[in-house]
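Working notes, beginning with the structure itself.
The values are calculated or read from the model by the stated rules, or taken from the named source; none is laboratory data. All figures in this text were calculated on a predicted structure; none of them were measured in a lab. Cβ atoms come from the backbone with ideal geometry, glycine included; neighbour counts cover every protein chain shown. With ligands, DNA and RNA removed, areas are computed over all heavy atoms of the protein, side chains included. Shrake-Rupley method; radii C 1.70, N 1.55, O 1.52, S 1.80 Å.
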Amino acid sequence: MLTTMAAALLALSSVAAPHSWPTNPPPDRIIIDVATVNGTGCPPNSAAVSVSSDNTAFTVTYSQYTAQVGVGAGPTDFRKNCQINLRVHVPQGFTYGIAGADYRGFAHLEAGASGLERANYYFQGNSPTAYVSHPIRGFFEDDWQFSDSTDVGAIVYKPCGEERNLNVNTELRAYAGTSDPKKTTSFVTMDSTDGSIKTIYHFAWKTCP
């Protein structure tokens with residue numbers, strides 16, 4: 001499933017434009033430090049970040065990220081969120097933007113119930129983008145995957161020479177709808193029984209003057 005994030009990203013303020021797009025990923029190692037992790041979907045030590053070996057993407061892995069409604073669920077469990085603030089260290093002469101993201105998880109939704117995954121990301125100091133939302137309709141019991149992509153001309157890059165952290169915001173929701181929450185449970189998760197579910201963000205690179 002594919003949703004274009006161009007409209008959302010165009011809402012960001014303009015930044016100093018690097019040049020020479022497109023360019024290959026920098027050959028040197030990229031280091032990502034997690035500055036802060038906040039949210040009901042990512043309690044302490046339940047989210048981890050890693051960078052691909054070819055410097056083209058980074059992955060966020062969740063282990064306790066589930067929104068649920070119905071039997072066994074608390075009154076606020078229908079909505080879970082996570083905001084991760086990342087400090088991305090890139091080699092000198094390069095800057096980056098986010099070209100797209102792949103979100104994966106599992107859901108069990110009773111007939112009449114529904115779920116929602118939504119996300120945005122933006123650089124510190126910029127206005128947040130609008131969330132891009134993906135609904136899931138019950139009855140549903142399977143893995144799910146959504147991909148957001150950005151048109152080349154709409155990618156927002158971190159201004160060259162400036163230190164700005166990247167904010168990554170995600171949210172899951174589960175709604176009972178016409179199902180019976182006194183007898184059933186519906187949930188949407190970014191974690192799985194056999195380990196973890198990964199969300200992958202794809203870099204776009206430019207060289208700086």
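Across Ser50, Ser179, the residue with the most accessible area heads the list, and the full order at a 1.4 Å probe is Ser50, Ser179.
Express the relative contact order of the chain as a whole percentage, based on alpha carbon pairs under 8 Å and six or more residues apart in sequence. Write out the running numbers ahead of the final one.
Details: 558 pairs, mean separation 76.1, N = 209.
Once normalised by length, the contact order is 36 percent.
For the chain, the solvent-accessible area with a 1.4 angstrom probe is 48 square angstrom per residue.
How much mean residue ellipticity at 222 nm does the chain get from its helices, if each DSSP H run of length 4 or more adds -39500 (n - 2.57) and you divide by all residues, to the nearest 500 deg cm²/dmol?
Working: 1 runs with 5 residues, N = 209.
Calculated from helices alone, the mean residue ellipticity at 222 nm is -500 deg cm²/dmol.
Applying a DSSP loop filter and a limit of 16 other Cβ atoms within 10 Å to the GluC sites (Glu not before Pro) in region 136-208 leaves Glu162, Glu163. Projected over all directions and averaged, the alpha-carbon convex hull of the chain occupies 11.7 nm².
Mind grabbing the accessible area of Asp142 for me, 1.4 Å probe, Å², rounded to tens? Spelled out: Asp142, probe radius 1.4 Å, area about 80 Å².
Leaving out ligands, DNA and RNA, what percent of the accessible area of the chain is carbon and sulfur, probe 1.4 Å? All intermediate terms of the calculation are to be shown ahead of the outcome.
Values: 4940 of 9930 Å².
Result for the chain: 50 percent of the exposed heavy-atom area is carbon or sulfur.
Give me the net charge of Gln145's neighbourhood, meaning all other residues with Cβ under 14 Å from the Cβ of Gln145; Lys, Arg count +1, Asp, Glu -1. After counting each charged neighbour, the total is -3.
The stretch between Thr56 and Glu163 holds 36.5 nm of extra length on full extension. This uses 0.36 nm per residue minus the Cα-Cα distance.
Figure the gain on full extension for Arg137 and Ser63 (residue separation times 0.36 nm, minus the Cα-Cα span) and round it to one decimal in nm.
Details: separation 74, 0.36 × 74 = 26.64 nm, distance 2.36 nm.
Length difference between fully extended and current span is 24.3 nm.
For region 132-209, the spread of Cα coordinates along the three principal axes comes to 62, 27, 20 Å, biggest extent given first.
Here the gap between Thr207 and Asp77, fully extended at 0.36 nm per residue and compared with their Cα-Cα distance, gives a gain of 42.4 nm.
Here Ile136 sits with roughly 10 square angstrom of accessible surface, probe radius 1.4 Å.
Loop-located trypsin sites (Lys or Arg not before Pro) in region 15-108 (DSSP state not H, G, I, E or B) with no more than 14 neighbouring Cβ atoms inside 10 Å: Arg29.
Straight-distance candidates among the aspartates and glutamates for linking to Lys183, with alpha-carbon spacing under 19 Å and chain neighbours fewer than 8 residues away dropped: Asp77, Glu110, Glu141. Summarising the overall dimensions of region 58-169 from its C-alpha atoms, the Rg and Dmax are 16.8, 54 angstrom.
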